[in-house]
1. Could you say which residue among B:173, B:123, B:147, B:188 is at pLDDT below 85 and in a helix (DSSP H, G or I)?
2. Just checking, which of A:20, A:30 is in contact with a Gly (Cβ under 9 Å, 6 or more places away or on another chain) and closer than 30 Å to residue B:181 by Cβ?
3. Please go through region A:1-55 and give me each residue that is in a helix (DSSP H, G or I), of a type in the set (Val, Ile, Thr) and within 8 Å of chain B (Cβ to nearest Cβ), ordered by number.
4. If a residue must be of a type in the set (Gly, Ala, Ser) and touching a residue at least 12 places away in the same chain (Cβ under 8 Å), how many such residues does region B:171-201 contain?
Amino acid sequence: MTRLTCARLRRHLSGFCDRELTVQEMCAVETHLERCKGCAREVERLQRLGQVIRRAATGLPLPLDEIARAGQATVARAEAEREQSVRVRMSRAFEDMHLVWAALAATAATGLCAALLVGVGYLAPQVRADSLAGILAALAAPGSNLYPVSIDERMVPPRVVREPAVSALVEESSSTDDDVVFALAAVVTREGLVVRPSVLRASAGDHETVSRLVRAVSEARFSPASFAGAPVAVNMVWVVTHTTVRGKTIS
Amino acid sequence: MSAKPAAALAWTGVETGEAALIARCSAGDEVACSDLVEQHQRMVYQLALHLLGDHNEALDVSQEVFLRVFRTLGTFKGQSSLRTWIYRIVVNQAWNRQRWWRRRRQGDQVSLDEHVRARGERAFRDAGPAPDRLLDQKETADRVWRALEQLPFEQRTAIVLREIDGLSYEEIAFSLGVAGGTVKSRLARAREALRAQLVDL
Ligand SMILES: [Zn+2]
């Protein structure tokens, strides 16, 4: 690429000014510019154009307050969207189970309101998430059966395929008028099994009823939660409310 | 045009701190999201302003850009620096905007001129030149923006990313979603057109 004619060279001047030619091309252009005033002037004009554009840009106002306010509003909006999407997906995922229990409740002349909540770290390994042990545990295999994770909006939540057999419990409990609230935490494994159940709260009911409820919930089967197509183990919390229905539909 | 191996691109520019911020942000950490916005909001607004030439449009686009960033951060694999990746989103959003914006503009000349008139006189004053040169500089700037506005969007974007933001051809190519050779020829054409418009500057 020696002895470039001016016409051929001019096509390369823009790339030359940006220092984006190959080493060979850069040398060829430089050599030519030493001898050719016309092309050297053209390079100067291109460089001057760059300066003029940059100066025009620095002259523009920069309303930092307004920019910051818009930024904060965006973060708030993103957060709201995220929460909304988790709520919608969770309620959609557990509609089926809710209906099953509502039907059972109707036959027993009581209302059984079942809700499944996101396990907000209830069953997470008993270490601080930001401790060294916590980080190592998470690195080991987050989402494995040993290290279940909390459900978030990027996951497909678990879906019930076999509901817990709670009908016996419903009938048994229907003899009492007291409102009974159970809260159970457990892990839904990558295989869709319910393991490591633990009672978080049992406001009423004898020991036997509670342990039967735990057993019943343990027998439920899920299609596991998944993240990017791969099954993950997740923490879940069941809240089972048993109330006497007084002519009111529980929705 | 220097040809850099594509493999060298992988994860370059994504610093450890940035990777951690991205991880926290895509897990929904609000503080991390705020930090990410704070770090990039100025450059996002300015690029949008330079591409669209309208303050309010630029603010709107900035918001859309960050919402898009949050929604798609999970797909960011370090194929570019985070900054370049955000540039690409700004360019896409601005492109979507300007298609109808241009049409609306025909009968409605609210532009940088007005924006500068409304709030920008100070910016020029603060830049320091003597009062008699102030008008010259403002007039020059107006002419530059008008000339840029007349370029096709792709050419304007290439020249803004190169001259104002100082991006390399490789980064511009990524931001525009085109090959490096295309960037080279677009810039050459854009400069030729601008030189013809601004021949006396
Ligand atoms: Zn020559």
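1. The conditions single out B:123.
2. Criteria check complete, one pass: A:20.
3. Within region A:1-55, A:23, A:52, A:53 meet the criteria.
4. As a first pass, look at region B:171-201 and keep what is of a type in the set (Gly, Ala, Ser): B:173, B:175, B:177, B:179-181, B:185, B:188, B:190, B:193, B:196.
From what is left, the residues that are touching a residue at least 12 places away in the same chain (Cβ under 8 Å) are B:175, B:177, B:180-181, B:190, B:193.
Count: 6.
The values are calculated or read from the model by the stated rules, or taken from the named source; none is laboratory data. Small disclaimer: the values here were computed from a predicted structure and weren't measured. Methodologically, a virtual Cβ is constructed for each residue, glycine included, from the backbone with ideal geometry; neighbour enumeration extends over all protein chains shown.
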